[in-house]
Amino acid sequence: MDEVSQNDFLRSRYYFTGGTALSAVYLQHRYSEDIDLFSQEKLDNQVIFTLVQEFGQKHGFTVQSRSTEVTYIFNLTFKNGVDLKVDFACYPYKRLGKGITLDGVETDSLLDIAVNKLLTVSQRTEVKDFVDLYFLLQEFTIWDLMEGVRAKFKIKTDPFLVAIDFLKVEDFEYLPKMIKDLDLETLKSFFRQKAKELSKRSVE
């Protein structure tokens with residue numbers, strides 16, 4: 001992140017978001033090493049690749065990269081064997097709030113990260129997302145986040161379908177490495193209760 005903060009091109013176009021931003025900047029709840037950098041612009045991958053290669057020469061890490069339609073993914077391997085994944089993504093959606101700026105790099109707002117997480121839980125089933133959402137739902141109501149999904153992504157969320165997504169918590173057998181206290185049964189019980197509330201609301 002130091003290189004991002006010192007590079008005018010990156011600093012002016014990308015903001016820090018995702019689970020690592022959530023933990024490092026806001027909640028300090030779990031360990032997370034992947035770095036997600038989003039931009040509302042679609043930028044030339046070659047420019048990004050050249051910059052990351054320059055950083056690798058400076059700091060002594062090797063670079064492997066691949067790309068999807070909207071994300072340029074880098075896997076960095078340092079001489080001490082530590083691996084780091086960094087994603088540069090085009091994310092054209094207008095943000096709902098203003099985030100915190102640290103060392104010149106803007107962090108996504110807590111509300112935006114929370115809204116993104118609710119949508120993510122409907123798209124994939126990973127325990128880290130449920131853990132993040134557990135702590136975010138201490139800050140926001142589920143209805144706040146469903147309204148945020150509607151406002152940001154123009155998607156109307158069905159409470160019953162969200163309830164079904166929440167019950168996928170039963171699939172998990174372990175938690176990520178935590179900073180704050182949380183056990184698996186507490187996580188499961190929390191989302192069971194949320195699913196029950198959502199199901200009840202969907203038939204009223």
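Any read-out appearing in this document is the output of simple, stated calculations on the displayed coordinates, not a laboratory observation. Model, not experiment: these values are computed from the prediction. Ideal geometry is used to build each Cβ from the backbone, glycine not excepted, and the neighbour counts take in all protein chains shown.
Miscellaneous remarks
- Close pairs (7 angstrom Cβ cut-off, 6 or more residues apart or separate chains): within 13 Å of PHE88 (Cβ to Cβ) in the range 58-75, surrounded by fewer than 11 Cβ atoms within 10 Å (Cβ to Cβ) and charged (D, E, K, R) anywhere: ILE73/ARG66
- Residue check, GLU185 exposed (fewer than 13 other Cβ atoms within 10 Å of the Cβ) and outside any loop (DSSP other than H, G, I, E, B): yes
- Close Cβ contacts (under 9 Å, 6 or more residues apart or on different chains) running from residues in the range 44-55 that are closer than 16 Å to ARG11 by Cβ to residues that are of a type in the set (Ser, Thr, Tyr) and in a helix (DSSP H, G or I) are absent.
- Residue match in the range 151-166 (condition: among the polar types (S, T, N, Q) and in contact with a Leu (Cβ under 9 Å, 6 or more places away or on another chain)): yes
- Note on the range 54-150: enclosed strands (runs of 3 or more DSSP E) holding 2 or more residues that are among the β-branched types (Val, Ile, Thr) are 61-67, 71-78.
- For the range 85-101, filtered to residues that are among the hydrophobic types (A, V, I, L, M, F, W, C) and within 18 Å of ASP34 (Cβ to Cβ), the residue that is surrounded by the most Cβ atoms within 10 Å (Cβ to Cβ) is PHE88.
- Of all the criteria given as (1) within 19 Å of SER39 (Cβ to Cβ); (2) small (Gly, Ala, Ser); (3) surrounded by 17 or more Cβ atoms within 10 Å (Cβ to Cβ), the one not satisfied by SER67 is (3).
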